[in-house]
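Data block below; observations after.
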Amino acid sequence: MELLIVVAIMAIITSVSLPAITSLLQSSNLAQGGQDLVGEIGKARQFASTRNTTIEVRLIQCSTYGYNAIQLWSASSEQAAATALTRMVYLPSTVVISKDSSYYSQLLSQLSSGQTMTVNGGKTASYVSFCVMPSGQLQLTSANSATETLTMSNLYLTVVPSRYGTTSLEPGSAGSPSNYFTVQINPCTAAVQTYRP
């Protein structure tokens with residue numbers, strides 16, 4: 001009888017604490033994914049400055065929900081093809097960089113899509129990219145970027161839970177993510193600022 005009471009109490013405690021634990025893990029994964037993105041952009045700034053070369057930051061889509069990997073490349077030039085400088089950094093499996101360019105990742109609306117590359121196992125993945133110049137300035141890799149004005153207000157990426165990766169919901173509206181990690185990139189220095197609700 002006492003054993004049944006103990007088991008019942010354990011079941012009640014588990015059922016009450018499970019949502020809190022799940023929320024905590026999701027928040028931790030968002031923070032880790034955001035810090036991975038910030039770290040790679042910072043590394044691109046450092047490589048561009050110390051090597052006096054243009055560094056390409058690739059956001060790679062290895063999942064169906066959004067961009068979930070980041071890799072730095074030396075930008076291609078007339079003399080040499082692009083080469084990978086770092087291994088791919090995968091975001092935690094439950095988060096992605098949102099593909100929604102209207103609300104969560106406006107930088108994506110300014111980048112060329114449809115580029116592909118070979119990733120682990122010989123699979124093909126699509127990616128978008130932007131470059132960090134030795135001076136720290138951003139260079140967008142799109143046909144229309146020459147005509148667009150780069151401002152802080154439209155240069156941001158947002159890490160969201162995977163289920164919101166392709167959602168186009170206005171922040172704060174019903175069904176939009178309540179927890180996210182936004183990274184804003186300065187167009188002149190490639191320095192980043194972060195925001196979390």
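For the reader, a short list of remarks on this structure follows.
- Of all residues in segment 64-109, those satisfying the criterion of being in a loop (DSSP other than H, G, I, E, B), modelled with pLDDT under 80 and of a type in the set (S, T, N, Q) are Thr64, Ser76, Ser77, Gln79, Ser101, Ser102, Ser105.
- Every residue from segment 1-53 that is among the hydrophobic types (A, V, I, L, M, F, W, C) and surrounded by 17 or more Cβ atoms within 10 Å (Cβ to Cβ): Leu30, Ala31, Leu37, Val38, Ile41, Ala44, Phe47, Ala48
- Residues satisfying the stated conditions in segment 136-151, i.e. modelled with pLDDT of 65 or more and either loosely packed, with under 14 Cβ neighbours inside 10 Å or outside any loop (DSSP other than H, G, I, E, B) (or both): Leu138, Gln139, Leu140, Thr151
- Among the residues of segment 122-133, those identified as surrounded by 11 or more Cβ atoms within 10 Å (Cβ to Cβ) and part of a strand (DSSP E or B) are Ala125, Ser126, Tyr127, Val128, Ser129, Phe130, Cys131, Val132.
- Considering residues of segment 1-44 that are at pLDDT 95 or above and either charged (D, E, K, R) or not in a helix (DSSP H, G or I) (or both) only, the residue farthest from the chain's Cα centre (by Cα): Lys43
- Segment 110-121, residues that are outside any helix (DSSP H, G or I), at pLDDT below 80 and either in contact with a Gly (Cβ under 9 Å, 6 or more places away or on another chain) or more than 13 Å from Leu59 (Cβ to Cβ) (or both): Gly114
- The set of residues in segment 45-63 being in a helix (DSSP H, G or I) and either closer than 17 Å to Met88 by Cβ or at pLDDT below 90 (or both) consists of Phe47 alone.
- Annotation note: of Leu157, Leu169, the sole residue that is within 25 Å of Ser28 (Cβ to Cβ) and at pLDDT 90 or above is Leu157.
Yes/no per residue for (1) in contact (Cβ under 8 Å) with a residue 40 or more places away in the chain; (2) over 11 Å from the mean Cα position of the chain (by Cα):
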site: Arg58; (1), (2): yes, no
site: Gln61; (1), (2): yes, no
site: Tyr65; (1), (2): yes, yes
site: Ile70; (1), (2): no, no
site: Arg87; (1), (2): no, yes
site: Ile97; (1), (2): yes, no
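The values are calculated or read from the model by the stated rules, or taken from the named source; none is laboratory data. All of these numbers come straight from a predicted model, not from anything done at the bench. Using ideal geometry, Cβ is built from the backbone for each residue, glycine included, and neighbour counts are taken over all protein chains shown.
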